[in-house]
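First up is the structure itself, then whatever we jot down about it.
The values are calculated or read from the model by the stated rules, or taken from the named source; none is laboratory data. Since the structure is predicted, the reported quantities are computational estimates derived from the model, not experimental observations. Note that each Cβ is placed from the backbone with ideal geometry, even for glycine, and that neighbours are counted across all protein chains shown.
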Amino acid sequence: MPYETLTLTIVIPVFNEQDHLKACLNAIAAQTIKPNEVIVVDNNSSDDSARVAAQFPFVRLIKEKRQGVLFAKNRGFKAATGDIVGRIDADTILPPRWVQQVKELMLDPATAAVTGPVNYYDMPLPEINYRLDHWMRTSIYNWSPKSPFLFGSNMAIRRSVWRAVSADICHDTYMHEDLDLAVHLYRAGYHITYAGHLIAGASGRRYNDSPLRFYRYISMYRQTYLRHGLHSLAIYSATGVYVLGYILLHPWLKLWYRFYTLLWPLAPLTRSARKNPMNSI
């Protein structure tokens with residue numbers, strides 16, 4: 001079956017993302033193979049996010065009143081009509097062949113969902129800074145099968161598979177909803193494919209968080225797996241990689257942002273910390 005016969009919907013949950021959403025949608029418009037549908041889910045934004053989305057004719061804008069990325073994502077997935085549902089964040093910048101790559105990966109009938117690494121375009125060395133993230137995810141994927149994962153900034157799932165597990169996913173706000181979905185796929189016997197070449201761009205603004213807020217966010221990784229009775233050293237190694245990145249980058253971010261705005265004045269940039277996506281605080 002040629003990949004052209006597969007249809008694909010991209011779902012983007014949005015809460016106050018006016019500074020990043022335009023670049024995200026411009027990258028979708030530049031895809032070599034256009035998605036069949038793009039759904040932006042406005043999750044009670046108080047800024048101009050909805051207006052930005054409305055500027056793109058290919059966007060279908062819907063609303064979700066329940067606060068939190070879990071509910072916004074679910075609303076978008078339920079509204080999707082594609083055979084495949086891609087999920088990215090409002091600060092994700094997709095490379096031009098992302099849609100084609102996802103469709104090609106989904107030609108394997110054994111693949112229920114796919115995910116890949118990200119490079120952090122507003123952090124130093126974006127061409128190579130994804131390598132540590134990729135190494136960590138590859139190691140977990142190959143050596144720790146009891147630590148299934150999906151990366152909400154860069155993932156896709158068959159709509160039929162989503163419908164099969166959607167009634168069972170958890171609504172706890174102390175867990176990561178993308179990891180929780182991965183665990184339920186794993187428990188139901190579905191295969192998640194990690195593709196190292198499926199790279200997307202993402203913002204590194206998480207490193208703007210205070211140490212306490214960053215620790216609380218990172219702890220959600222461990223809490224998600226432990227909530228489901230999954231114990232693995234991979235949980236702690238992944239946390240260690242993120243903490244190391246925070247220690248190395250956080251003290252220098254103000255200086256880096258000055259340099260960044262001089263070199264790329266039109267690039268999306270947010271100096272404030274990213275809100276916790278599960279409750280948007």
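Does A267 count as farther than 16 Å from R137 by Cα, at pLDDT below 90, out of contact with any Ser or Thr (no Cβ under 8 Å at 6 or more places or on another chain) and not in a helix (DSSP H, G or I)?
yes
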Filtering region 44-70 for residues that are buried (at least 18 other Cβ atoms within 10 Å of the Cβ) and in contact with a Lys or Arg (Cβ under 8 Å, 6 or more places away or on another chain) leaves a count of 2
Here the residues within region 85-101 that are under 15 Å from I12 (Cβ atoms) and not small (G, A, S) are V85, R87, I88, D89, D91, T92, I93, L94, W98, V99
Confirm whether R87 is closer than 26 Å to D168 by Cα, at pLDDT 95 or above and basic (K, R). yes
Checked region 137-176 for anything under 18 Å from G240 (Cα atoms) and out of contact with any Ser or Thr (no Cβ under 6 Å at 6 or more places or on another chain); matches are R137, T138, S139, Y141, W143, P148, F149
Exercise. Scanning for something outside any helix (DSSP H, G or I), at pLDDT below 95 and either crowded, with 20+ Cβ neighbours inside 10 Å or not aromatic (F, W, Y) (or both), does region 128-136 turn up at least one residue?
Worked result: yes
Within region 102-125, the count of residues that are over 14 Å from R205 (Cα atoms), hydroxyl-bearing (S, T, Y) and surrounded by fewer than 22 Cβ atoms within 10 Å (Cβ to Cβ) comes to 1
Is it the case that V99 is in a helix (DSSP H, G or I) and buried (at least 22 other Cβ atoms within 10 Å of the Cβ)? yes
If we keep only residues of region 189-237 that are among the aromatic types (F, W, Y) and in contact with a strand residue (DSSP E or B) (Cβ under 7 Å, 6 or more places away or on another chain), then the residue nearest to R97 (Cα to Cα) is Y194
Of (1) closer than 30 Å to R258 by Cβ; (2) free of Cβ contacts under 8 Å to residues at least 24 places away in the same chain, T92 satisfies every one except (2)
Restricting region 205-235 to residues that are of a type in the set (S, T, Y) and surrounded by 12 or more Cβ atoms within 10 Å (Cβ to Cβ), the one modelled with the lowest pLDDT turns out to be S232
Note to self: I39 - would you say it is within 17 Å of the chain's Cα centre (by Cα) and over 17 Å from F151 (Cβ atoms)?
What the structure shows: yes
| message | Among the residues in region 233-252, are any part of a helix (DSSP H, G or I), more than 26 Å from H20 (Cβ to Cβ) and in contact with an Asp or Glu (Cβ under 8 Å, 6 or more places away or on another chain)? | response | no
Selection from region 153-166 of residues surrounded by fewer than 23 Cβ atoms within 10 Å (Cβ to Cβ) and either in contact with a helix residue (DSSP H, G or I) (Cβ under 6 Å, 6 or more places away or on another chain) or closer than 22 Å to M220 by Cα (or both) yields S153, W162, V165, S166
Note on region 217-232: residues in contact (Cβ under 8 Å) with a residue 40 or more places away in the chain and either assigned to a helix (DSSP H, G or I) or among the β-branched types (V, I, T) (or both) are Y217, M220, Y221, Q223, T224, Y225, R227
Here the qualifying pairs (Cβ atoms under 8 Å; residues six or more apart or on different chains; first in region 120-148 and over 22 Å from L255 (Cβ atoms); second in a loop (DSSP other than H, G, I, E, B) and among the polar types (S, T, N, Q)) come out as I140/S147; S144/S232; K146/S232; S147/S232
For region 7-21, pairs from a residue that is surrounded by fewer than 24 Cβ atoms within 10 Å (Cβ to Cβ) to a residue that is part of a helix (DSSP H, G or I) and among the hydroxyl-bearing types (S, T, Y), with Cβ under 9 Å and 6 or more apart or across chains, are F15/S49; N16/S49; Q18/S49
